[in-house]
1. Please compute one quarter of the surface area of the Cα convex hull for the chain and express it in square nanometres.
2. What percentages make up the Cα-Cα pair-distance distribution of the stretch 1-59 when the bins are 10 Å wide from 0?
3. Leaving out same-chain residues fewer than 8 places away, which aspartates and glutamates sit with a Cα under 16 Å from that of Lys75?
4. What dipole magnitude, in Debye to the nearest 20, does the stretch 1-94 give about its Cα centre under +1 on Lys/Arg Cβ and -1 on Asp/Glu Cβ?
5. Carbon and sulfur atoms: what percent of the 1.4 Å accessible area of the chain do they account for?
6. How large is the accessible surface of Thr50 in square angstrom, using a 1.4 angstrom probe and rounding to the nearest 10?
7. Quick one: length gained pulling Arg56 to Gln1 fully straight, 0.36 nm per residue minus the C-alpha distance?
8. Just the accessible area per residue of the chain, please: how many Å² with a 1.4 Å probe?
Amino acid sequence: QVQLVESGGGLVQAGGSLRLSCAASGGILNIYDMSWYRQAPGQQRELVATISSGGRADYADSVKGRFTISRDNAKKTVYLQMNSLKPEDAAVYFCNADIRTGWSRRQPYWGQGTQVTVSS
């Protein structure tokens, strides 16, 4: 089974930095777009950043200039470098990827989420 496992979450002081990782595994033929979403209490899940298989990146306006999404296709891993963190960035961050396996067409998969807490 395909799995996406996030890591790197934790508590950081406002203005600090954190780097999230998401590694995909399990019968993968191709990974297309990879994305980071986040969801804070009482809020809808929102798209933070997306990166295509070719490296094209797009960001939510709220994180532009502070966050950087990248990927290592050989490691099947997507990263989110978060700088100048604000309390408003605190949320559960979820990894998402469009993946084709040997037994299915391109489908979205989700990680379990990793908590990011930003202290003021």
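1. 7.0 nm²
2. Values per bin, smallest distances first: 17, 43, 33, 7.
3. Hits, sequence-local ones excluded: Glu6, Asp33, Asp98.
4. On the way: 10 positive and 8 negative charges, 36 e Å.
It works out to roughly 180 debye.
5. Answer for the chain: carbon and sulfur cover 45 percent of the accessible area.
6. 20 Å²
7. Values: separation 55, 0.36 × 55 = 19.80 nm, distance 2.73 nm.
Gain in length upon complete extension: 17.1 nm.
8. Values: 6370 Å² over 120 residues.
Per-residue accessible area for the chain comes out at 53 Å².
The values are calculated or read from the model by the stated rules, or taken from the named source; none is laboratory data. This one's a predicted model, so the numbers in the text were calculated from it and none came from an experiment. Please note: Cβ atoms are built from the backbone with ideal geometry, for glycine as well, and neighbour counts cover all protein chains shown. Remember, those area values only see protein heavy atoms, side chains included, never the ligands or the DNA or RNA. Shrake-Rupley method; radii C 1.70, N 1.55, O 1.52, S 1.80 Å.
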